[in-house]
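Colleague: Sharing a structure below in structure tokens format, with a few things to ask.
The values are calculated or read from the model by the stated rules, or taken from the named source; none is laboratory data. The model shown is predicted, which means the values in this text are computed figures rather than measured ones. Counting neighbours? That spans all protein chains shown, and the Cβs are built from the backbone with ideal geometry, glycine included.
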Amino acid sequence: MARILIVDDSPTEMHVLKTMLEKNGHEALTAPNGEEGIEKASAEKPDLVLMDVVMPGMNGFQATRKITKGKDTAGIPVIICTTKDQETDRVWGMRQGASDYLTKPVEENDLINKINSALSA
């Protein structure tokens with residue numbers, strides 16, 4: 001179905017998300033931090049990015065802004081997928097250009113529904 005880039009510094013979270021995506025017919029690409037996520041988004045042109053927020057170096061809000069504002073990546077929807085569950089975090093994430101916001105632990109149905117709606121937008 002879709003090629004989805006997972007940007008997360010946690011190998012466990014990456015594995016969980018990748019398993020959910022592949023089970024639902026998506027191809028998963030991965031990047032362990034914001035900088036590599038931006039590089040991979042630019043090089044691979046995935047259909048969508050799942051972005052963690054709390055990562056060493058560049059955080060997910062910064063990386064989301066760079067992807068959604070980048071001239072060659074602006075058309076790629078980004079769904080923020082994080083443990084940060086405050087309303088202010090959600091609002092800030094959406095202001096960075098994210099098309100949606102999920103809090104971990106992620107429910108598989110919620111994830112797939114949000115991906116489907118972001119891809120059809």
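Colleague: Filter region 42-58 for residues that are of a type outside the set (D, E, K, R) and either more than 12 Å from the chain's Cα centre (by Cα) or surrounded by fewer than 19 Cβ atoms within 10 Å (Cβ to Cβ) (or both) and give the result. I'd like the intermediate steps shown before the answer.
Modeller: Residues of region 42-58 of a type outside the set (D, E, K, R): 42-43, 46, 48-51, 53-58.
Hits for region 42-58 are Ser42, Ala43, Val54, Met55, Pro56, Gly57, Met58.
Colleague: Please work out which residue is modelled with the lowest pLDDT, limiting yourself to region 26-78 and to residues that are acidic (Asp, Glu) and over 16 Å from Leu111 (Cβ atoms).
Modeller: Checked region 26-78; the qualifying residue modelled with the lowest pLDDT is Asp72.
Colleague: Hey, another quick one. Could you tell me how many of the residues in region 107-121 are closer than 19 Å to Arg3 by Cβ and in contact with a strand residue (DSSP E or B) (Cβ under 7 Å, 6 or more places away or on another chain)?
Modeller: 5
Colleague: Still on this model: Residues in region 15-35 that are within 22 Å of Arg65 (Cβ to Cβ) and either free of Cβ contacts under 8 Å to residues at least 60 places away in the same chain or among the small types (Gly, Ala, Ser) (or both): how many?
Modeller: Step one: filter region 15-35 for residues within 22 Å of Arg65 (Cβ to Cβ), giving 17, 29-35.
Adding the requirement that they be either free of Cβ contacts under 8 Å to residues at least 60 places away in the same chain or among the small types (Gly, Ala, Ser) (or both) leaves 29-35.
So the answer is 7.
Colleague: Working carefully through the options Lys69, Lys104, find the one that is exposed (fewer than 13 other Cβ atoms within 10 Å of the Cβ) and either in contact with a helix residue (DSSP H, G or I) (Cβ under 9 Å, 6 or more places away or on another chain) or farther than 16 Å from Ile6 by Cβ (or both).
Modeller: Going through Lys69, Lys104 in turn, the sole match is Lys69.
Colleague: Return the residues of region 1-35 that are assigned to a helix (DSSP H, G or I), of a type outside the set (Lys, Arg) and out of contact with any helix residue (DSSP H, G or I) (no Cβ under 6 Å at 6 or more places or on another chain); say none if nothing qualifies.
Modeller: Within region 1-35, Pro11, Thr12, Glu13, Met14, His15, Val16, Leu17, Thr19, Leu21, Glu22, Glu35 meet the criteria.
Colleague: Among (1) in contact with a Ser or Thr (Cβ under 7 Å, 6 or more places away or on another chain); (2) modelled with pLDDT of 95 or more; (3) within 26 Å of Gly25 (Cα to Cα), there is one condition Gln96 misses while meeting the rest; what is its number?
Modeller: (3)
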